[in-house]
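This report concerns only the one structure given below.
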Number of protein chains: 2
Amino acid sequence: MADFQAPLRNIRFTLFDVFGADQQWANTPALAGVVDRETAEAMLEGAAKITEQEIAPINRSGDEEGATWDNGKVTTPAGFKEAYDAYCEGGWPGITGNADFGGFGMPKALGAQVDEMLYASNSSFALYPNLSAGASLAIEAHASEALKALYLPRMYAGEWAGSMCLTESHAGSDLGIIRTKAEPSTDGTHKISGTKIFITGGDQDLTANIVHLVLARLPGAPKGPKGISLFIVPKINVDSAGELLEANRVSCGSIEHKMGIKGSATCVINFDDATGYLVGEPNRGLSYMFTMMNYERLSIGVQGLGCGDRSMQSAIAYAKDRRQGRAATGAVEPEAFADTLLVHADVRRMLLTMKSLTEAGRALSTYVAMELDKAKYAESTADKVNASAMVALLTPIAKAFLTDMGLDVTVMGQQVFGGHGYIREWGQEQLVRDVRIAQIYEGTNGIQAHDLLGRKVVFDRGEAFGLLKTEIDEFISQASSDLLAPYCEQLSAALMELSNLTDELIQKVDTNPHEMGAAAVEYLHIFGYVLYGYMWLRMASVAEEKLAGDDGFYQSKLDTMTFFFARVLPRVSSLIISAKSGCENTEINSDWL
Amino acid sequence: MADFQAPLRNIRFTLFDVFGADQQWANTPALAGVVDRETAEAMLEGAAKITEQEIAPINRSGDEEGATWDNGKVTTPAGFKEAYDAYCEGGWPGITGNADFGGFGMPKALGAQVDEMLYASNSSFALYPNLSAGASLAIEAHASEALKALYLPRMYAGEWAGSMCLTESHAGSDLGIIRTKAEPSTDGTHKISGTKIFITGGDQDLTANIVHLVLARLPGAPKGPKGISLFIVPKINVDSAGELLEANRVSCGSIEHKMGIKGSATCVINFDDATGYLVGEPNRGLSYMFTMMNYERLSIGVQGLGCGDRSMQSAIAYAKDRRQGRAATGAVEPEAFADTLLVHADVRRMLLTMKSLTEAGRALSTYVAMELDKAKYAESTADKVNASAMVALLTPIAKAFLTDMGLDVTVMGQQVFGGHGYIREWGQEQLVRDVRIAQIYEGTNGIQAHDLLGRKVVFDRGEAFGLLKTEIDEFISQASSDLLAPYCEQLSAALMELSNLTDELIQKVDTNPHEMGAAAVEYLHIFGYVLYGYMWLRMASVAEEKLAGDDGFYQSKLDTMTFFFARVLPRVSSLIISAKSGCENTEINSDWL
C-alpha cells in the first residue's frame, strides 16, 4: 500500500478557499482569539506529520496482531502505546476541548480535519482518542463543575481515556430497554450493576484510567427512554485530587472478534456494584447522550471519508504503476510490456467516482462542522438557532451517507487492484473491513435515516429542510456563470425533486406511519447526493475563480464536478421512484420470508 | 448463524416449474436416458444433505483456522479432508463429468444447483472441487484420448484434483504477457518453468495428486495471446496406468493471506523444469481456456448467489427472532419487551431486496445453465448455434451481476444484524468477505463488462442481443394477464431503453473505442436488471397459474416481483443516464488524480 499522505492541499482548499473557515473564526468573538489561519495551518501540518509518521505505519500490523484479551486485561497491538504517547505529547486529545479545563478550544471545523487524517491513517487507533473525546463532550455539557474539574483536564491530556457504555446484549438500537441498574448509596454516589457490550476502548493499556460513561436505571425510574440516567464510572477509583485509588468494581469480560478495526478493543464490560457518579439530573441520560451525538456522528461520517480517501490514494498510485493491457485506441507506451491501468476508461471511471465522492464528502463534513461551530460559538441567538437546526438536519446524513459512500469507495479502491486487492498485504481489503463498522455503530445507517426523515423532517414539517433549500437556491442564483449554469440547472432540478418528495412523504407519513421506514434510507441517499451536488458547485465556483495561473489543481476540481454531475448525481432519478413507491410493497406474509 | 438449509423448494420451483428443465431433458436424446425428474430430485436431496450436514458445519471453523502452509505443504482446515472424502464417496466431483470417462454426465442445470448449495454452505470448500471441475472440462474438451483416459476418471472420482495455473505476478487480466516457458523434451513431453500466483487449490492435503493446467510459451511462439500453449503438469508424476511415481518438479512457495475464503489455499506455484504434457495444439492455450470459461464463470456467479442466499436465510431468521423497538403504528406484541425487527418497514425493505435479487439470480443462473446444456446437447445445429450465442452473451452478465448483487445482498444481510453483523461468531461478515473475491477472480467484473459490451455486443453488432430481445418481447406479448400487464409494460420499456442504448453504444464505440470502457460496467448492470425483470415475469407467470390452493408460496413470488418492479428495476433509469454520458467525462489530467 502506498504510504499515507495527508491530503493537506485538498483540506486547505475545502476549509479556507471554499468555506472561508478562517473568516468565520475571525468574525466570531469566541473563536477570534483562539484560532486563525496560521494556527490552523500549523495544526494541520502537525496532524499530518503524526498521522503519516507515527500512526499510519502501525495500521497494517495492528490489524494483523489485533487487540488481545487475557485474564481481564486488554493489550493493544505493538506500537499503539508509543504512538498514543506521542499523540498525547502533541496535545491532540484536547484539541477541541474546553479551554477552561485545559483543552485547546479549537473549532470542530479544524477537529474534523484531524479526525479525517486519524481515520485515514489508522481507524483502530483513531477510535481510542475519539471515544474519549465523545465522553469528554458529554461530561463538559452535563456534569457538575466538580466532576468536570476532576475529569476533563486529565482526559484532554490523554492521561485518562473515556468510554461510552450504552449497548446491552438485548438493547442496541433500542436503548429504552436497557437493564443496568444504579442504586443510590448514602454518600451520594451510586452502585452500578449490569453488563454492557460493544464498548469501544472499554479496556486498553494506553492510559492510567478509563472514565466509563454508563447508562443505567435508578430505582423506580419510569419505563423506557425517559427512565435512563447517565453515570461516570471510573475504572480505577480516584480521590478528589485525581490521585488513583483502588480498582473500581469494573471488569472486562472479553473482547469481540470482528470483521475489522481489529486493533480497537471492543469490550464486554461488567459493572458489579461499581461506584458511579450521577451526571446531571436523574432520568435525563438519553437526552444527554443525544446532545453530544451530533459531534460523534459527524466523526463517524469522517471515518467513512478517511478510509475512502486512503483507498483512493492507493488505487491512484496503483493505477499509475501497474501495467496491464493496452489502451483501447492502441498502445500508449509501446516500448513497455503493457500500458498502465490508467489508460483504461473503466479504471478512470472508478477513480473519478472515488474522487468525486471523497472530495464532496470532505466538503460536506467541513460544512457540517462549521455549522456545529456556529451553533456553539455564534454571537446571536438567531444564528445559533439557525445553525442548530441545520446541524440537526444534516448530521444523520453526514454520518450515514459518508459511511455508505465510504464502503462503496473502498470496495472500488479494492477492485482497481484486481486480485491484489483481496490480499491482506496490500491494505485495500483492510479499509473495506475497517470502514464497514461505520455504517453500523453510533446508530446504524437505517436508524440515521429514520432520525432524518422522522425527527428532522416530518416532525418539523420540513421547516429545517426549507432553510437549507433556500440557501442552496440562493447560491445557485448567484453562482450561474456560463461554465456553471448547466450544473446549477441540474442541481436545481434535483433539489426540486427532493423538495417535492419531502412534501409528499410528510403527507404520507401522516396517513400511515410505516411510510417513514419504507422510504427513509432512499430519502437519505437522495438528500446526500443533492448535498454532494451542492458541495461540488461550491467547490467549482471557487475553482473557476482561481483558474488563472492554475497548475492544474483547480481544473481538476471542475473536471471532477463534471464527472459527478454526469455519472453520480443522476442516481437520484432511480431513488426517487423507489422512495415514492410506498410502503405497501414491503408487506409480505412473513411465513414466506 | 442459522443452520444452512438448502433452498430445495425454491430450486424445484425454478428448475422444474419455471423453466421445465425435466421437459428439456426428456426432449433431448443425449440427456433423456441420463436424467429425469426423479433422478434430479434424488441428487438435489443428496446435495442438500451433504452440504447441510457435512460441509456447512466446517464453514466458520475453516475461516478461523484457514489453510496453512509449512515447508512447501498446505494443510486444509480441520474437517475439510473428512468432508471431501464424503463428497467423493457420494460421487459429487463427477456429477457433470463425461460418462465415457466415469462421470455422471448430468446437465449443467442440475450442476448449477449443486454449486449453489456448495457455495452457500462453504465457499472455501466449494472451490476445491470446482477448480477440479474446471480443469476436467478443459482436459475433456481439448486433450488427447490418452490423456483423457489417464486423468479424467481419477478427477471425476475426486481421487486427484485439478488446478488452473494462469496468473503470473505481472500478468493477471492481461494473460497475453505471461512468461512461463515450456521447452520440448525428446520424449514428447515438455519442461515447464515459471512461477504462477493466485492458484486456487494449487496445493492441498485432500487428494493424492493435483493435475495442474498450466499456460506457458513454447520456444519461438508468437508474442501475445496467440503464443500461449496449455499443458498438464501433475504434482506427482504418473505412469500410463495412473500409478503414482516420483514427485514432479512443482512446488508450492507460499499461500496468500486474504480477506476471505481463508479455508481455500491460494498458492504460489513454482515450476522448475517440471514435466508437462501438451494439451491439444501449440499456441491455442488461451482459446482452450475460453471454451471452458463459460462453465466456470457461471459457477462463480453462483458463488454470489449462494453467499447471498445464505446471508438472507440468516437475516430472515434473525429479524424474526431479534426484538428491538416497536412498530411505527404501535406495539405488535405489547406483552414482549419489544417487537421483532420484522415490524420495521426498513428491515422488510432490506429482506425483500435480498429476496428479490437472490431468487432472480437463481432463475438467471438456471436459465443460463440450461442454455449451456442446449449448446452442448441439443440435437439440431441451429439450436446449438442459437444457444451458444445466448451463452456467450449471458455468461459475463451471470458472472458479474450475480456477484455484484451477491456483495450487495451480503452487506445488507450483515446490516440487518446491526452490531452483531460485524462480529465473526455470527457468520454474516464472513459471507461478505467470502463473496467479495467472486467479483475479482475468473476475470474481474470490469473485464466481464468489457467482454459483454466489446466481444458479445459491439463485435456482432447486437445480433445475439437481438435474439434475446425477441425472446423477451415474445414472452411479454404472451404473458400479459391482467395481473402481469403493468409489469410487462414496465419491463418492455426498460428493454427498449436497453435496446436503444445498445444501438447507441455500437455507434459510439465505432467513433471512439474508449466509449466502450467508459460505459461497459453500467451497461452490464442495466442488462442485469432487465434480465432479472424478465426472470421475475417468468416466475410470476407460473406463480399466477398456481395460486389456486396456494399455501402462500406462490403469492410470495408475486409479492416479491411487485417489490422488484417498484424498487429495484427502477435503478435502470439512473444507469442509463450515466452509461450514455460518454467517455469524455472520464478524461482528467492524471497529475491531479
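The values are calculated or read from the model by the stated rules, or taken from the named source; none is laboratory data. Source: prediction; values computed, not measured. Note that we place each Cβ from the backbone using ideal geometry, even for glycine, and neighbour counts take in every protein chain shown. These area figures cover heavy atoms from the full protein model, side chains too; ligands, DNA and RNA do not enter into them. Shrake-Rupley method; radii C 1.70, N 1.55, O 1.52, S 1.80 Å.
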Open item on the list: Taking a point 7 Å out from Cα toward Cβ as the label site, list the nm distances between B:Asp205 and the same residue in every other copy, smallest first.
Closed with: 3.2
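Run the dipole for segment B:1-140 about the Cα centre, Lys and Arg Cβ at +1, Asp and Glu Cβ at -1, nothing else charged, and hand back the magnitude in debye, nearest 20.
It works out to roughly 200 debye.
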TODO: Would you tell me the accessible area of B:Thr291, worked out with a 1.4 angstrom probe on the heavy atoms of the protein chains, in Å² to the nearest 10?
DONE: 70 Å²
Task: Environment charge of A:Ala86, counting only residues whose C-beta is closer than 12 Å and scoring Lys/Arg +1, Asp/Glu -1 - done: -2
Task: Cα-centre dipole for segment B:290-583 with unit charges at Cβ (Lys and Arg positive, Asp and Glu negative), debye to 20 - done: 680 debye
Open item on the list: For segment A:290-583, take the convex hull of the Cα atoms, compute a quarter of its surface area, and give me that in nm², please.
Closed with: 17.5 nm²
Task: segment A:290-583: relative contact order as a whole-number percent, Cα under 8 Å and 6+ apart - done: 21 percent
Open item on the list: With unit charges on the beta carbons (Lys and Arg positive, Asp and Glu negative) and the dipole taken about the Cα centre of chain B, which residue among B:Asn512, B:Trp69, B:Phe80 sits farthest to the positive side?
Closed with: B:Asn512
TODO: Under 15 Å from the Cβ of B:Ala216, count the other residues' Cβ atoms, weight Lys and Arg +1, Asp and Glu -1, and hand me the total.
DONE: +4
Task: Heavy-atom accessible area, 1.4 Å probe, ligands and nucleic acids excluded: residues of segment A:440-466 down by at least 50 Å² from chain alone - done: A:Ile440
- [ ] Could you tell me how many degrees, from 0 to 90 and to the nearest 10, lie between the Cα long axis of helix A:381-416 and the main elongation axis, the longest principal axis, of the Cα atoms of chain A?
- [x] 70 degrees
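Loop only by DSSP, 16 or fewer other Cβ within 10 Å of the Cβ. Give me the trypsin sites (Lys or Arg not before Pro) in segment A:513-593 that pass, ordered by residue number.
Taking segment A:513-593 and a limit of 16 other Cβ atoms within 10 Å, the loop trypsin sites (Lys or Arg not before Pro) found are A:Lys546.
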Open item on the list: Averaged over its residues, how many other protein chain Cβ atoms are within 10 Å of peptide B:200-209's Cβ atoms?
Closed with: 0
Task: Per residue accessible area of segment B:304-365, 1.4 Å probe, in Å² - done: 25 Å²
Open item on the list: With a cut-off of 8 Å between alpha carbons and a minimum separation of six or more residues, what is the relative contact order of chain B in percent?
Closed with: 13 percent
Open item on the list: Could you tell me the center-to-center distance, by alpha carbons, between segment B:145-173 and segment B:431-451 in angstrom?
Closed with: 22 Å
TODO: Under 12 Å from the Cβ of B:Ser229, count the other residues' Cβ atoms, weight Lys and Arg +1, Asp and Glu -1, and hand me the total.
DONE: +2
TODO: Round to the nearest 10 and give me the degree value, 0 to 90, for the angle of helix B:80-89's Cα axis relative to the longest principal axis of chain B.
DONE: 90 degrees
- [ ] Quick one: check the C-alpha center-to-center distance for segment A:498-531 versus segment B:337-367, whole angstrom.
- [x] 21 Å
Task: Listed residues A:Ile11, A:Ile139, B:Leu402: farthest to the positive end of the dipole of the protein assembly as shown (Cβ charges) - done: A:Ile139
Open item on the list: As I understand it, the value is the acute angle between the Cα axis of helix A:463-479 and the longest principal axis of the Cα atoms of chain A; what does it come to in degrees, rounded to 10?
Closed with: 30 degrees
Open item on the list: Based on Cα coordinates alone, diagonalise the gyration tensor for segment B:251-385, multiply each eigenvalue by 5, take square roots, and list the semi-axes in whole Å, largest first.
Closed with: 47, 25, 8
Open item on the list: Over the Cα atoms of segment B:281-357, what radius of gyration and what Dmax do you get, in Å?
Closed with: 21.8, 75
TODO: Could you work out, for segment B:182-226, what percent of all Cα-Cα pairs fall into each 5 Å distance bin, beginning at 0 Å and stopping at the bin that holds the largest distance?
DONE: 5, 16, 21, 22, 17, 12, 5, 2
Open item on the list: What's the magnitude of the charge dipole for chain A around its Cα centre, counting Lys and Arg as +1 and Asp and Glu as -1 at the beta-carbon? Answer in Debye, nearest 20.
Closed with: 840 debye
TODO: Return the value, in Å² to the nearest 100, of accessible area buried between chains A and B (probe 1.4 Å, both sides summed).
DONE: 7800 Å²
TODO: Within a 10 angstrom radius of each residue's Cβ in A:513-522, how many Cβ atoms of other chains show up on average? Whole number is fine.
DONE: 5
- [ ] Would you please classify the overall shape of segment A:460-593 from the alpha carbon gyration tensor, given that a ≥ b ≥ c denote the square roots of the eigenvalues, rounded means a/c under 1.5, and beyond that prolate means a/b larger than b/c while oblate covers the rest?
- [x] prolate
TODO: Compute, for B:Glu82, the solvent-accessible surface of its heavy atoms (probe 1.4 Å) with the complete set of protein chains present, and express it in square angstrom to the nearest 10.
DONE: 120 Å²
Task: Using a 7 Å Cα-to-Cβ projection, B:Ser481 label spacings across copies, nm, ascending - done: 6.0
TODO: Using only the C-alpha atoms of the protein assembly as shown, find the volume of their convex hull and express it per residue in Å³.
DONE: 166 Å³
Task: Inter-copy label distances at A:Gly33 (7 Å, Cα→Cβ; nm, one decimal) - done: 10.0
- [ ] Determine the shielding of peptide B:567-573 by partner chains: average, over its residues, the number of Cβ atoms on other chains within 10 angstrom of each Cβ.
- [x] 6
- [ ] Compare B:Lys508, B:Lys191 by solvent-accessible area with a 1.4 Å probe and give them largest first, with all protein chains kept in place.
- [x] B:Lys191, B:Lys508
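With respect to the cross-link table entries A:Lys196/B:Lys49; A:Lys355/A:Lys508; B:Lys235/B:Lys258, which display a Cα-Cα separation exceeding 28 Å? Could the numbers behind the result be given before it?
Working: A:Lys196/B:Lys49 40 Å; A:Lys355/A:Lys508 37 Å; B:Lys235/B:Lys258 24 Å.
The pairs that break the limit, which is 28 Å between Cα atoms, are A:Lys196/B:Lys49; A:Lys355/A:Lys508.
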Task: Stokes-Einstein translational diffusion, chain B - Kirkwood Rh over all Cα pairs, 1.002 mPa s, 20 °C, in µm²/s - done: 86 µm²/s
